[in-house]
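Enquirer: Before we start, here is the structure in question, set down as structure tokens.
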Amino acid sequence: LLLRWRRHRGLWKKVKEAQQRQERSLVRMETVTRSYREQHPSLNMVSILSLPLPELTKRIQDGSLPPEHVFYAYVGKALQIAIETNCITEYLQESETQLRKAKPEKRGLLYGVPVSIKDSIDCQGHDSTVGFIKNINKPAAEDSVVVQVLKRQGAIPFVKTNVPQSLVSYDCKNLIFGQTYNPLLYTRSPGGSSGGEGALIGGGGSILGIGTDVGGSLRFPAAFCGICALKPTGKRLSKKGVVAGVVGQKAVAAAVGPMAKDVDSLALCMRALLCEDMFSLDSTVPPLPFNEEVYSGTQPLRIGYYETDFFTMPSPAMRRAVREVKEMLEDAGHTLVPFELMNVDYAIFNFCVRGMFSDGGVSFIRNFKGELERSGVALLFWLSKTPSWLKSALSWTVKPFMPRLSAVLRSMRASTVDEVWSLHHEIEEFCHQFITQWKNLNLDVMLCPMLGPALGIGYPEKLSVAVSYTMLYNALDFPTGVVPVTLVTDEDEEELKDYKGYFQDWWDRTLAKAFRGSVGLPVAVQCVALPWQEELCLRFMKEVETL
């Protein structure tokens, strides 16, 4: 007991150190912003913050807007949003030095643009905690490739943002830095695992951010906070120097991607990142520069669509969002074709859950060894700790009245090597079948629902099964973007009274409660393209955004 008490005291000391570093970061941000404002009393920060990224970069490039004005405007706004939502874990003080040393003659595409970085993406000299105490005071030896490329393009990474413990959650809470709140409504989750990014950008404290996605971790925060995000094909951008939630698993493709207020900003970020520096720093990234011709195309598109995946019943607002966008696209001259999703429940349980936890959850549990708390992943942790024989017994017992829990239990049993190889082969076959169905309909892109509106804080932990709309495209490894298109109405709220769900189990009843009281909150749609067609995905997103 004494040894345990001493160890716990040591862990709490580390937590306190990280929290004090966070507090010092905010104090520094306040100090430098106040000092700059005193030196430039006539500076209009609001007008700078209102500029979209393409216009901002244009003005910095032509010299009409000093990068110092932009930097300190965003540091000040980021401080305000951090105080309101608890989204920033650390201020990167070296950004001030980078700003001073920026060479006007070497102006990259993002010259002078402040960029926020998700906690799990390495920045030299700073922790990538992933919400684990064991990772405190273990600063990264070098920048991740994506951060290196951003810097070479003139961008200035200036803050790191909060994540849920382990990243395997679409809320945003950990023991070290606490809960991050949605800037649109503080009782709601900002989404996760790139939740700090979603909150900061959604609140206007960052104009461009970089996050990651292994089941919707870019798309949930974007949808919940009313902004845009792009999850590229897994290997389109480098993941070197990016910490994963479940290390080594290959069944569900993770991706690094941008988040911003609008689609043109995402396109500019991709244009900047897909350069020779990216391809030379990480030779596993295919040398595919940004295809300008595809992004700026104007020809009518042939678009597949569906309103539901028949696994997670969409909220009335989700269904309406897809219908309204479909009608607008048709009125604009595009062709909309119904797409019939098949076997989504099988894909979620056997490809996603089983793929992530093929080792029976051993790797997932190992992450928590020696930690003081398991924030937001209690059910997954309990399921991972349960022996395989007990999982099988429980799966059989609960199947008649909770078929989805039964399937989750069955999917989280440890697999043999032979079973894992068979699983990978099955995922490949599923992907080929999906593409065949897509090509038989002669589709260019696909319009899909996105879970929304933002769920109340604490609900994502209870509703891990609601990732079906997003995680499908990690298993398929298709580029997928999110665009906010509407707000929840009183009529949507009224219709929600009839929400039952497809399984009418505890999860469906809980999701109905989580959707309630959301009038005025944003709802998004997903825009999907085939692998390696990020530019076409962005072009479709831009079309949806414009309409």
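Enquirer: Taking Ala414 as meeting all but one of (1) outside any helix (DSSP H, G or I); (2) without any contact (Cβ under 8 Å) to a residue 40 or more places away in the chain, write down the number of the exception.
Expert: If we test Ala414 against (1) outside any helix (DSSP H, G or I); (2) without any contact (Cβ under 8 Å) to a residue 40 or more places away in the chain, just (2) comes out false.
Enquirer: Across the stretch 31-68, what is the number of residues that are crowded, with 16+ Cβ neighbours inside 10 Å, in a helix (DSSP H, G or I) and more than 27 Å from the chain's Cα centre (by Cα)?
Expert: The qualifying residues number 9.
Enquirer: Tell me whether the stretch 466-475 contains one or more residues that are more than 30 Å from Lys235 (Cβ to Cβ) and under 17 Å from the mean Cα position of the chain (by Cα).
Expert: no
Enquirer: Just a yes or no: is a residue in the stretch 4-27 of a type outside the set (Lys, Arg), open to solvent by 100 Å² or more (accessible area, probe 1.4 Å) and in contact (Cβ under 8 Å) with a residue 40 or more places away in the chain?
Expert: Scanning the stretch 4-27, I find at least one residue that is of a type outside the set (Lys, Arg), open to solvent by 100 Å² or more (accessible area, probe 1.4 Å) and in contact (Cβ under 8 Å) with a residue 40 or more places away in the chain, so the answer is yes.
Enquirer: Scan the stretch 353-386 residue by residue and report those that are surrounded by fewer than 20 Cβ atoms within 10 Å (Cβ to Cβ) and under 19 Å from Ala475 (Cα atoms).
Expert: Scanning the stretch 353-386 gives Asp359, Gly360.
Enquirer: Looking at the stretch 375-390, which of the residues that are closer than 20 Å to Phe177 by Cβ and of a type in the set (A, V, I, L, M, F, W, C) is nearest to the chain's Cα centre (by Cα)?
Expert: If we take residues in the stretch 375-390 being closer than 20 Å to Phe177 by Cβ and of a type in the set (A, V, I, L, M, F, W, C), then Val377 is nearest to the chain's Cα centre (by Cα).
Enquirer: Need pairs with beta-carbon distance below 8 Å; first residue touching a residue at least 12 places away in the same chain (Cβ under 8 Å) and part of a helix (DSSP H, G or I) and within the stretch 128-140, second open to solvent by 10 Å² or more (accessible area, probe 1.4 Å) and of a type in the set (A, V, I, L, M); sequence gap 6+ or separate chains.
Expert: Ile133/Leu11; Ile133/Leu175; Ile133/Leu372
Enquirer: Looking at (1) under 14 Å from Val483 (Cβ atoms); (2) surrounded by fewer than 21 Cβ atoms within 10 Å (Cβ to Cβ), which is the only condition Leu218 fails?
Expert: Leu218 satisfies all of (1) under 14 Å from Val483 (Cβ atoms); (2) surrounded by fewer than 21 Cβ atoms within 10 Å (Cβ to Cβ) except (2).
Enquirer: Sticking with this structure for a sec: Being more than 29 Å from Val263 (Cα to Cα) and of a type in the set (A, V, I, L, M) narrows it down to one residue among Leu79, Leu43, Leu26, Leu56; which is it?
Expert: Unique residue meeting the criteria: Leu26.
Enquirer: Next question. Restricting the search to the stretch 171-184, which residues are open to solvent by 10 Å² or more (accessible area, probe 1.4 Å), within 28 Å of Lys13 (Cα to Cα) and part of a loop (DSSP other than H, G, I, E, B)?
Expert: Asp171, Leu175, Phe177, Tyr181
Enquirer: Here's something else I'd like to know. Is there a residue in the stretch 185-203 that is within 16 Å of Asn135 (Cβ to Cβ), open to solvent by less than 10 Å² (accessible area, probe 1.4 Å) and over 14 Å from the mean Cα position of the chain (by Cα)?
Expert: Taking every residue of the stretch 185-203 in turn, none turns out to be within 16 Å of Asn135 (Cβ to Cβ), open to solvent by less than 10 Å² (accessible area, probe 1.4 Å) and over 14 Å from the mean Cα position of the chain (by Cα).
Enquirer: Continuing with the same structure: Identify all residues within the stretch 327-379 that are part of a loop (DSSP other than H, G, I, E, B) and hydroxyl-bearing (Ser, Thr, Tyr); write none if there are none.
Expert: Ser358, Ser375
Enquirer: Residues Phe339, Phe368: which one is modelled with pLDDT of 95 or more, among the hydrophobic types (A, V, I, L, M, F, W, C) and either under 30 Å from Lys134 (Cα atoms) or touching a helix residue (DSSP H, G or I) at 6+ places or on another chain (Cβ under 8 Å) (or both)?
Expert: Matching residue, one of Phe339, Phe368: Phe339.
Enquirer: When you scan the stretch 451-511 for helices (runs of 4 or more DSSP H) that lie fully inside it, which ones turn up with 3 or more residues that are among the charged types (D, E, K, R) and modelled with pLDDT of 95 or more?
Expert: Filter on the stretch 451-511 gives 490-495.
Enquirer: Here's a follow-up. Starting from the stretch 456-470, take each residue that is under 11 Å from Thr510 (Cα atoms) and open to solvent by less than 10 Å² (accessible area, probe 1.4 Å) and list its partners that are among the hydrophobic types (A, V, I, L, M, F, W, C) and not in a helix (DSSP H, G or I), counting only C-beta distances under 6 angstrom and pairs at least six apart or across chains.
Expert: Qualifying pairs under 6 Å: Ala466/Leu451.
Enquirer: Determine, yes or no, whether Lys542 is in contact (Cβ under 8 Å) with a residue 24 or more places away in the chain and either surrounded by fewer than 23 Cβ atoms within 10 Å (Cβ to Cβ) or within 24 Å of Met412 (Cα to Cα) (or both).
Expert: yes
Enquirer: So which of Leu405, Leu447, Leu443 ends up being outside the structural domain of Cys225 (by the TED database) and either in a helix (DSSP H, G or I) or aromatic (Phe, Trp, Tyr) (or both)?
Expert: Going through Leu405, Leu447, Leu443 in turn, just one is outside the structural domain of Cys225 (by the TED database) and either in a helix (DSSP H, G or I) or aromatic (Phe, Trp, Tyr) (or both): Leu405.
Enquirer: Which of (1) touching a Phe, Trp or Tyr at 6+ places or on another chain (Cβ under 9 Å); (2) open to solvent by less than 10 Å² (accessible area, probe 1.4 Å) is the odd one out, the single condition Val168 does not satisfy?
Expert: Condition (2) is where Val168 drops out.
Enquirer: Test Val519 against the criterion of being of a type in the set (A, V, I, L, M, F, W, C), open to solvent by 40 Å² or more (accessible area, probe 1.4 Å) and closer than 15 Å to Gly226 by Cα, and give yes or no.
Expert: Yes: the conditions hold for Val519.
Enquirer: Is there any pair with a first residue in the stretch 273-291 that is modelled with pLDDT under 95 and a second that is surrounded by 14 or more Cβ atoms within 10 Å (Cβ to Cβ) and of a type outside the set (S, T, N, Q) whose Cβ atoms are under 6 Å apart and which are 6 or more apart or on different chains, and what are they?
Expert: That search, which allows pairs on different chains as well, returns nothing.
Enquirer: Is there any pair with a first residue in the stretch 384-411 that is more than 24 Å from Thr312 (Cβ to Cβ) and a second that is in a helix (DSSP H, G or I) and open to solvent by 60 Å² or more (accessible area, probe 1.4 Å) whose Cβ atoms are under 8 Å apart and which are 6 or more apart or on different chains, and what are they?
Expert: Hits for this filter: Ser392/Arg410.
Enquirer: Next question, about the same structure. Could you tell me which residue of the stretch 408-440 is nearest to Ser388 (Cα to Cα), considering only residues that are of a type in the set (Lys, Arg) and not assigned by the TED database to the domain that holds Leu487?
Expert: Arg413
Enquirer: Checking the conditions here, which among Leu1, Leu92 is open to solvent by less than 50 Å² (accessible area, probe 1.4 Å) and assigned by the TED database to the domain that holds Ser194?
Expert: The unique qualifying residue is Leu92.
The values are calculated or read from the model by the stated rules, or taken from the named source; none is laboratory data. Since the structure is predicted, the reported quantities are computational estimates derived from the model, not experimental observations. Because the Cβ atoms are built from the backbone with ideal geometry, glycine has one as well, and the counts that use them run over all protein chains shown. The accessibility values were calculated without ligands, DNA or RNA, using every heavy atom of the protein model including side chains. Shrake-Rupley method; radii C 1.70, N 1.55, O 1.52, S 1.80 Å.
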